[in-house]
1. With the Cα gyration tensor of the range 3-74 giving a ≥ b ≥ c as the square roots of its eigenvalues, does the rule (a/c under 1.5 for rounded; else a/b larger than b/c for prolate; else oblate) give rounded, prolate or oblate?
2. For an R0 of 30 angstrom, estimate the FRET efficiency from the Cβ-Cβ distance between residue 87 and residue 56 and round to the nearest 0.05.
3. Just flag the trypsin sites (Lys or Arg not before Pro) in the range 48-139 sitting in loop per DSSP whose Cβ has no more than 15 other Cβ atoms within 10 Å.
4. What GluC sites (Glu not before Pro) does the range 20-98 have in DSSP loop regions with at most 10 other beta carbons within 10 Å?
5. What does the C-alpha gyration tensor say about the overall shape of the range 7-135? Classify as rounded when a/c is under 1.5, otherwise prolate if a/b is larger than b/c, or oblate.
6. Within the range 1-31, report the trypsin sites (Lys or Arg not before Pro) that DSSP leaves as loop and that have at most 15 other Cβ atoms within 10 Å.
7. Quick one: order 76, 128 by neighbouring beta-carbon count within 10 Å, fewest to most.
Amino acid sequence: MSLSEVRESQWSQLTELIAERMGLHFPRERWGDLQRGLAGAAQELGFEDAAACVTCLLSAPPTKAQLQVLASHLTIGESYFFRDRQTLEAFADNILPELIRARRGRDQRLRIWSAACCTGEEPYSLAILLHQRLPDLREWLAWPSCTAALWGWRAGRGPVAASACGCPTARLRRLCRVAGRRPRARPYPRPRCRLRW
């Protein structure tokens, strides 16, 4: 069975499933992107063709492993420190001060979700912003989080050289240390500030 044999109603069901389970939205005008991503995921998942993959995904709740493979083919694997600088500046200058003011002395807890991250530089950047903008961070609970592969960042082993795009050199020097000839993420001081996923 080819993708052309997948009914429109099945594509609609699949986009609803992906939106509900993964938070990714594929309106009708992006179904071409969905089909291309699904073709790669189907191959990795061992299906004969993408249509068989669609049928399987709609016949039973997808497993965590299936969702991870699907996500890797439907998302862009781009990640770097201080990505989308204007958005971060607006957050740091306009939103964060108000959140801090509203919670100071009461429920000193911040939960910040980074919806767009691949290997974790974006939520790590949020943790750095919190450290820079919140002098009494030790008295707060703060959770920059995402669903990315942050395991290496926890241990200070993130791919810094590949993720430095757009990050000012002075800031990057504060973030990194050189291990041999390769820069690595410096475990950033974040008492009571945890990266969670």
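1. Judged from the Cα gyration tensor, the range 3-74 comes out rounded (a/c under 1.5).
2. For residue 87 and residue 56, the calculated efficiency is 0.20.
3. 104, 106
4. Answer in residue order: 48.
5. prolate
6. Here the sparse-neighbourhood loop sites are 7.
7. Ascending number of Cβ neighbours within 10 Å: 76, 128.
Quick note: the coordinates plus some simple rules give every number you see, no bench work behind them. Computed from a predicted structure; not experimentally measured. Neighbour counts run over all protein chains shown; Cβ positions are idealised from the backbone, glycine included.
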